[in-house]
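Notes follow the structure.
The values are calculated or read from the model by the stated rules, or taken from the named source; none is laboratory data. Everything numeric in this text was worked out from a predicted model, so none of it was measured. With ideal geometry, Cβ positions are generated from the backbone for all residues, glycine too; neighbour counts draw on all protein chains shown.
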Amino acid sequence: MTLARRLLRTKPTERIVAEGGHGEGGELRRTMSLWQLTLFSVGATLGTGIFVILGQAVPKAGPAVVLSFVLAAITALFSALSYAELAGTIPVSGSSYSYAYATLGELVAWICGWCLMLEYAVSVAAVAVGWGEYLNAFLRALFGFTLPEAITRSPGQDGGVVNVAAIAIVLLATWLLLHGASESATANAVLVLVKVAVLAFFCAVAFTAFRSGNLAPFAPMGVAGITAAASQVFFSYIGFDAASTAGEEARNPRRDLPLAIVLSLALVTAVYVLVALAAVGAMPWTGFDPEGTQAGLSRIADLAVGATWPGLIVSFGAVIAIASVVLTVIYGQTRILFAMSRDGLIPRVFQRVSPRRRVPVANTLIVAAFICVLAGLVPLGQLAEATSIGTLFAFALVNVGVLVLRYRRPELPRSFRTPLFPATPVLGAILCGVVMAGLAGVTWLAFGLWMLVGLICYFLYGYGHSRLNAEVS
């Protein structure tokens, strides 16, 4: 078999599904319900984005930012439907990595998995870095004091030495994950319900100060402003695919995974639209400050009531939002690495399952240690922005994977079929490319360097240890 054929050899779908749940030392336990899976995706998606993004997006679109959120949701929906089809067809932990292995070959699967490593590890580290600042904002409003900058900021930031706050939230999430998937899902459900309740509280408060005059002119920047803001808020929808990483711990994955992905996107969209409408109705769009974004919703809530306690509650919601994102994203990272290790592309330690806890303990501890180093000691800078391009690349591969699998294996049982095929996955792939094209040049440079390192790692280790290649040899 030639090198090219080896690199592009696909893994049979039936085999991927048959190996699901199995690791060294034991099996993962199927405990997650539809409700828990849905909240997993909501937990990963509904982060601090909505707490900060309005201040940046409203000056571009005016009150029509509400339509920008809808437009961004439609853009995300094309990829979500493709994820839903493949999650119901290949219900395993690898998510888009496993889907690429079944449709586009080993090298493309490796590249997809490598992109996800960038997305998950760096993004959760970046989110954890911001947790100390939100915690300080909450403590300042509640008690009038803050934690020292030396332990709430990373090196490179003013006064930062070691970001102990970021390390603490990562360790808390790790502790929950080591107790089991069901316990983690329950904790995440509580966190998600709290932050949704906080956003509902914000809407209730903001609507008391709603003035219809604040919505005029509705689209001062025209269609160009709406689309520009939509490109910016699109990244607030990234995370809806989190449920697909729980394919081997779901009770009824073929039925529940597609539903969880679509339901989570619908729920998040409803929350975003309501919050955006309440915000622009309570405060004139010209009053939004793109520089002072961290306390955007808190400020609006305070102004609506004429007191400081509403903003305190909203700040608490931001603290909870970050905790939920850290928990769900670390979970997704460990499950993707679990699938890659089972295929031999990374060391076997990542697929070892604790017989007692039924979770990949060593995998979780290694990931947590790496993220702690990133969050506590490394100035992430532009690298954090590069996570978006890795996510979009994985989305594009999933859309292409739906097309390939439909044509190659039309007889496969599918619990969910993407509607309006092939238009939906084609549009999904094109839209991902359009959004990627709009990213900054430095982001593309970081992405290119990351891909180069990934290819070197694959040919030094993955290619020689691949189980699929070993069988051919």
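Side notes on the structure shown:
- Options Gly292, Gly344, Gly376, Gly281: the member that is at pLDDT below 95, surrounded by fewer than 24 Cβ atoms within 10 Å (Cβ to Cβ), in contact with a Ser or Thr (Cβ under 8 Å, 6 or more places away or on another chain) and not in a helix (DSSP H, G or I): Gly344
- Candidate set from the stretch 129-153 (those that are small (Gly, Ala, Ser) and in a helix (DSSP H, G or I)); member that is surrounded by the fewest Cβ atoms within 10 Å (Cβ to Cβ): Ala150
- Test: Ala121 is under 16 Å from the mean Cα position of the chain (by Cα), assigned to a helix (DSSP H, G or I), in contact (Cβ under 8 Å) with a residue 40 or more places away in the chain and within 24 Å of Ser264 (Cβ to Cβ): yes
- Among the conditions (1) of a type in the set (A, V, I, L, M); (2) more than 29 Å from Val453 (Cβ to Cβ); (3) touching a Gly at 6+ places or on another chain (Cβ under 6 Å); (4) not in a helix (DSSP H, G or I), Ala165 misses just one, which is (4).
- Hits in the stretch 1-34 - residues which are surrounded by fewer than 16 Cβ atoms within 10 Å (Cβ to Cβ) and farther than 26 Å from Arg356 by Cα: Met1, Thr2, Leu3, Ala4, Arg5, Leu8, Pro12, Glu14, Arg15
- Pairs, first in contact (Cβ under 8 Å) with a residue 12 or more places away in the chain and aromatic (Phe, Trp, Tyr) in the stretch 446-473, second surrounded by 16 or more Cβ atoms within 10 Å (Cβ to Cβ) and in a helix (DSSP H, G or I), C-beta under 6 Å, six or more apart: Phe447/Ile389; Trp450/Leu118; Tyr458/Trp110
- Hits in the stretch 35-47 (condition: touching a Phe, Trp or Tyr at 6+ places or on another chain (Cβ under 7 Å) and either small (Gly, Ala, Ser) or outside any helix (DSSP H, G or I) (or both)): Ser41
- Residue match in the stretch 154-161 (condition: among the hydroxyl-bearing types (Ser, Thr, Tyr) and in a helix (DSSP H, G or I)): no
- Among the residues of the stretch 236-259, none qualifies, meaning not one is touching a Cys at 6+ places or on another chain (Cβ under 9 Å), surrounded by 15 or more Cβ atoms within 10 Å (Cβ to Cβ), part of a helix (DSSP H, G or I) and of a type in the set (Val, Ile, Thr).
- Considering Ser415, Ser466, Ser388, the condition of being surrounded by 15 or more Cβ atoms within 10 Å (Cβ to Cβ), modelled with pLDDT under 95, in contact with a Pro (Cβ under 8 Å, 6 or more places away or on another chain) and on the phi < 0 side of the Ramachandran plot is satisfied by Ser415 alone.
Let's see how each residue does on (1) crowded, with 24+ Cβ neighbours inside 10 Å; (2) free of Cβ contacts under 8 Å to residues at least 60 places away in the same chain; (3) farther than 30 Å from Phe78 by Cα; (4) hydroxyl-bearing (Ser, Thr, Tyr):
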| site | (1), (2), (3), (4) |
| --- | --- |
| Ala321 | yes, no, no, no |
| Met340 | yes, no, no, no |
| Arg357 | no, no, yes, no |
| Glu411 | no, yes, no, no |
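- Check on Leu427, farther than 18 Å from Leu81 by Cα and surrounded by fewer than 24 Cβ atoms within 10 Å (Cβ to Cβ): no
- Filter pass, Leu397 being touching a Cys at 6+ places or on another chain (Cβ under 9 Å) and assigned to a helix (DSSP H, G or I): yes
- Hey, Ser324 part of a helix (DSSP H, G or I), hydroxyl-bearing (Ser, Thr, Tyr), touching a Pro at 6+ places or on another chain (Cβ under 8 Å) and modelled with pLDDT of 90 or more or not: no
Matching residues to (1) in contact (Cβ under 8 Å) with a residue 24 or more places away in the chain; (2) in a loop (DSSP other than H, G, I, E, B); (3) buried (at least 24 other Cβ atoms within 10 Å of the Cβ):
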site: Ala64; (1), (2), (3): yes, no, yes
site: Ala76; (1), (2), (3): yes, no, yes
site: Tyr83; (1), (2), (3): yes, no, yes
site: Gly88; (1), (2), (3): yes, no, no
site: Val92; (1), (2), (3): yes, yes, yes
site: Ala102; (1), (2), (3): yes, no, yes
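- Condition check for Val442: modelled with pLDDT of 95 or more and in contact with a helix residue (DSSP H, G or I) (Cβ under 8 Å, 6 or more places away or on another chain): no
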